[in-house]
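Down below is the structure, laid out as structure tokens.
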Amino acid sequence: MTTIEKSVDVHVPVSTAYNQWTQFESFPAFMDGVEKIDQVTPTRTHWTTKIGGVVREFDAEITEQHADERVAWTTVDGPPQGGVVTFHRLDNDTTRVHLQMEYDPETITEKAGAALGVVGHRVEGDLKRFKEFIEKRGAETGAWRGDVTPPPQV
């Protein structure tokens with residue numbers, strides 16, 4: 001597994017940053033390679049990505065979610081991937097968005113890209129574009145403030 005950790009400070013209150021992040025269908029506006037996301041249920045999304053000319057579709061399940069704090073996910077089919085995004089109040093108008101994810105590169109090209117840090121650079125760019133997106137708007141496009149409690153550990 002390959003692990004990536006990146007952060008960005010956005011100049012909006014923590015609730016605004018969190019609320020926008022829960023609008024998964026808006027991700028194509030700032031995530032490179034994400035063509036479409038459909039919210040299937042409150043905790044399941046269907047993703048269509050196109051990276052390096054390769055189109056992939058997969059479902060992801062939100063495994064934990066707490067308003068203004070965190071959203072964790074894992075894929076339920078497709079390439080193994082999971083992670084967590086946390087939201088940290090720096091002051092009344094500034095939030096640090098921290099993303100940590102793990103993924104398992106499958107093809108030779110993906111393994112080479114992981115070794116060269118290509119995905120880390122892509123994630124960093126996505127976070128910068130999220131910053132531009134939310135700061136330019138100044139307000140979220142919507143919000144889901146429900147709570148998803150993680151399953152008990154075995």
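No other residue among Leu99, Leu90 is outside any loop (DSSP other than H, G, I, E, B) and open to solvent by 50 Å² or more (accessible area, probe 1.4 Å) apart from Leu90.
Given the criteria of a type outside the set (Lys, Arg), part of a helix (DSSP H, G or I), touching a helix residue (DSSP H, G or I) at 6+ places or on another chain (Cβ under 9 Å) and in contact (Cβ under 8 Å) with a residue 60 or more places away in the chain, does Ser26 qualify? Walk me through it before giving the result.
Numbers: of a type outside the set (Lys, Arg): yes; part of a helix (DSSP H, G or I): yes; touching a helix residue (DSSP H, G or I) at 6+ places or on another chain (Cβ under 9 Å): yes; in contact (Cβ under 8 Å) with a residue 60 or more places away in the chain: yes.
Yes.
May I ask you to list pairs of residues, at least six apart or on different chains, whose Cβ atoms are under 8 Å apart, with the first in segment 96-125 being closer than 14 Å to Thr3 by Cβ and the second being hydrophobic (A, V, I, L, M, F, W, C) and open to solvent by 80 Å² or more (accessible area, probe 1.4 Å)? Cβ pairs passing all conditions: Glu102/Met1; Tyr103/Met1; Asp104/Met1.
Give segment 13-28 a look and list any residue that's farther than 24 Å from Pro80 by Cβ and either exposed (fewer than 14 other Cβ atoms within 10 Å of the Cβ) or touching a strand residue (DSSP E or B) at 6+ places or on another chain (Cβ under 6 Å) (or both), or say none.
Matches in segment 13-28: Val14, Ala17, Tyr18.
Inclusion of Val40 among residues that are assigned to a strand (DSSP E or B), in contact (Cβ under 8 Å) with a residue 12 or more places away in the chain, under 29 Å from Gln153 (Cα atoms) and open to solvent by 70 Å² or more (accessible area, probe 1.4 Å) is warranted.
The values are calculated or read from the model by the stated rules, or taken from the named source; none is laboratory data. In this text, all values refer to a predicted model and were calculated from it rather than measured experimentally. In this analysis, Cβ positions are derived from the backbone assuming ideal geometry, glycine residues included, and neighbour counts consider all displayed protein chains. Accessible surface areas use protein heavy atoms only, side chains included; no ligands, DNA or RNA. Shrake-Rupley method; radii C 1.70, N 1.55, O 1.52, S 1.80 Å.
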